[in-house]
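Trainee: Sharing a structure below in structure tokens format, with a few things to ask.
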Amino acid sequence: MHTTGVTPPAGVWWKPAHRSEKVWFTIAFIWSLVLFAMMPFWHFKGGQNPSGIRAKVEPEAYRARVQQFIEDYQIGTDNGIPVVAPPPGSDIYLMGQMWQWTPVLQLEEGAQYTLHLSSVDVNHGFNLYPFNVNFQVVPGYDYGLRITPTEAGDFRIVCNEFCGVGHHLMVGKIVVVDAQTARADGAASATRGGDR
């Protein structure tokens, strides 16, 4: 039989819900309120939504900050991208632009830094592989995040926000070295007289 929007459906849909349906509806409603109440709690106590330092910034001003950061702490290059080794406790800068992350960061294990993220062209996504770290990098905004690398290794930054035809090439790098290696690299750089 063909029905339309004005033809009532067959059955007894207008009768009150059964007692078991009311029980499950009540459980679902209470659980949704619990989850809703937990959202602000987990924001401050859960650690998966870290609160950071946010500020507006002109893209060209941010690019200038990154260039100064590179000039101050560059120790070499990796496939044409500057590698920087800033001192522990410093502000470090990472710039997203089609289709690369600049610079490569060499950080010291156990040291605290303030990582500044921004884009100078379009929206990018910051995903630190293999960890569950995921941020939206938006032009015009400087997002600062206090970080302390807890293990040495070579970690990749993947853009997970489609940013154009070269999106699949946008992979950056963070290298975390133990304190002894960082001191040796610093001594070698000083011996070379700051050659880059």
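FYI, it's all coordinate maths here, none of it is from the lab. Model, not experiment: these values are computed from the prediction. Here the Cβ is made from the backbone with ideal geometry for all residues, glycine too, and neighbour counts use every protein chain on show.
Trainee: Run the simple label-point estimate for Ser90 and His167 please: 7 Å along Cα→C-beta, distance reported in nm.
Mentor: 3.4
Trainee: Here is a further query. Determine the relative contact order of segment 53-191: mean sequence separation of Cα pairs under 8 Å and six or more apart, normalised by residue count, in whole percent.
Mentor: Working: 319 pairs, mean separation 35.1, N = 139.
Once normalised by length, the contact order is 25 percent.
Trainee: Once you put a point 7 Å from the Cα of Asn132 and another 7 Å from the Cα of Phe41, both along the Cβ direction, what distance in nm separates them?
Mentor: 1.8
Trainee: Provide Rg over Rh for segment 53-191; use the alpha carbon set for both Rg and the Kirkwood Rh (inverse mean inverse pair distance). The partial results should precede the final answer.
Mentor: Working: Rg = 14.3 Å, Rh = 15.1 Å.
Across segment 53-191, the Cα-based Rg/Rh ratio is 0.95.
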